[in-house]
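In what follows, a structure is listed as structure tokens, so that the remarks can point back to it.
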Amino acid sequence: MIDLSGKTALVTGGSRGIGRATALTLARAGSTVVVADRSDALRTDGASTSDLIRAAGGRAESLLLDVSSSAAVDAVFDDVAARHGIDILVNNAGVLSPGSVTETSDDAWRSLFSVNVDGTFFCMRAALRHMVPAGRGGKVINVASISGLRANPGFAGYCAAKGAMVNLTRQAGIDYAPHGINVNAVAPGFVETDMTAIYDAPIRRALEAQTPNGKWATAQQIADTILFLSCGLSDHLCGEVVAVDGGWLVGTPVVVERVTAAGGIA
Ligand SMILES: NC(=O)c1ccc[n+]([C@@H]2O[C@H](COP(=O)([O-])OP(=O)(O)OC[C@H]3O[C@@H](n4cnc5c(N)ncnc54)[C@H](O)[C@@H]3O)[C@@H](O)[C@H]2O)c1
């Protein structure tokens, strides 16, 4: 049983998708959760993530935050640290847009970097400035992607941005390890969320066929790995990037005849 009672977690981009599943999961484990999103209070389905957490008996609040604004990030983190402290940061806010190098506009490139890379950096820096002097250790989990570890055809800016997040995770992972602060990342494969609604049915079938276990992940499966990285079970992981991808990075199935151990063709 993972027990995060007494801890406060700040989850960026927590109004939907992986961020929402993560916020709900950390709250079920006992953490107070601050959901920081540029749109959480604006949901039209009547229930923000923090509403759902409170309705289930947990402790949560929603704050509007655009993670690409350094000043806004500092103000929100100072406020949360003063009222609760910050024990766990999940840098989940992210944006995706397609385009090869020649198809990517200046605006698309800047947007991909300002949210995925700048946002992660601003939030990590703001949290670490509180975690280090507080002396209680801490957990930072960056939501990267398999696209940060391997090329993804037609997604130049996204691959570059997630790659930057991966190596920032490794770098900060060693700098803050002596403080008892674990900086790690998850690298999801294909996950059922609003973000991946851009894929039509034939592309989804092709991506499933190329995934060793034949499935996309649920947001909950990513949240479960983030829960592990948020608790004491992961205290010896520093700067690690954990792929949650049905085996995609390990080896993509190739549709050819296989040679058997006896030398025949299967
Ligand atoms: N869905 C996938 O297949 C997949 C795969 C790999 C990685 N990821 C990563 O997982 C994370 C979550 O993705 P998701 O699929 O849940 O996407 P999503 O689009 O459903 O959710 C993203 C959330 O981030 C918020 N957000 C975007 N820009 C923001 C900003 N500037 N400030 C604050 N909040 C902002 C959005 O409001 C939204 O709530 C992203 O970083 C994404 O790149 C997703």
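The values are calculated or read from the model by the stated rules, or taken from the named source; none is laboratory data. Nothing here was measured: the structure is a model prediction, and the numbers come from that model. We place every Cβ from the backbone using ideal geometry, glycine too, and count neighbours over all the protein chains shown. Quick note on the areas: whole protein, heavy atoms, side chains included, nothing else; ligands and nucleic acids left out. Shrake-Rupley method; radii C 1.70, N 1.55, O 1.52, S 1.80 Å.
For the chain, take the longest principal axis of its alpha carbons; what is the angle in degrees between that and the long axis of helix 70-83, to the nearest 10 within 0 to 90? Value to nearest ten degrees: 60. By the gyration tensor of its Cα atoms, with a ≥ b ≥ c the square roots of the eigenvalues, what is the shape of segment 174-262: rounded for a/c under 1.5, prolate for a/b over b/c, or oblate? Because a/c hits 1.5 or more and a/b fails to exceed b/c, segment 174-262 counts as oblate. Between TYR199 and ARG110, the C-beta separation translates, for a Förster distance of 30 Å, into a calculated FRET efficiency of about 0.80. When both segment 188-231 and segment 104-146 are represented by their alpha-carbon centers, they are found 22 Å apart. Where only DSSP H runs of four or more residues are counted, the chain gives -11500 deg cm²/dmol as its mean residue ellipticity at 222 nm, each run worth -39500 (n - 2.57). Heavy-atom accessible surface of the chain, averaged per residue, reaches 47 Å², computed with a 1.4 Å probe.
Charged neighbours of GLY157, selected by a Cβ distance under 14 Å, balance to -2 (K, R count +1; D, E count -1). Highest mean first, the peptides 84-93, 115-124 sorted by other C-beta atoms within 10 Å per residue fall in the order 84-93, 115-124. Bridgeable lysines around LYS7 (alpha carbons under 26 Å apart, same-chain partners fewer than 8 residues away excluded): LYS139.
For the chain, carbon and sulfur atoms together expose 55% of the accessible surface, with a 1.4 angstrom probe and every protein chain in place. In terms of its C-alpha gyration tensor, the chain comes out prolate, because a/c is 1.5 or above and the ratio a/b outweighs b/c. Who wins for biggest fluctuation among ALA197, ALA21, ALA108 in a Gaussian network model of the chain, springs between alpha carbons below 10 Å? Of ALA197, ALA21, ALA108, the Gaussian network model singles out ALA197 as fluctuating most. Separation of segment 5-76 and segment 85-102, taken as the distance between their Cα centroids, equals 15 angstrom.
Remark: segment 8-244 carries a charge dipole of roughly 420 debye about the Cα centre, counting +1 on each Lys and Arg Cβ and -1 on each Asp and Glu Cβ. Applying 0.36 nm per residue to the separation of ILE2 and ASP175 and subtracting their alpha-carbon distance, the gain on full extension is 59.6 nm. Distance between the pseudo-spin-label points of VAL132 and SER39 (7 Å out from Cα toward the beta carbon): 3.5 nm.
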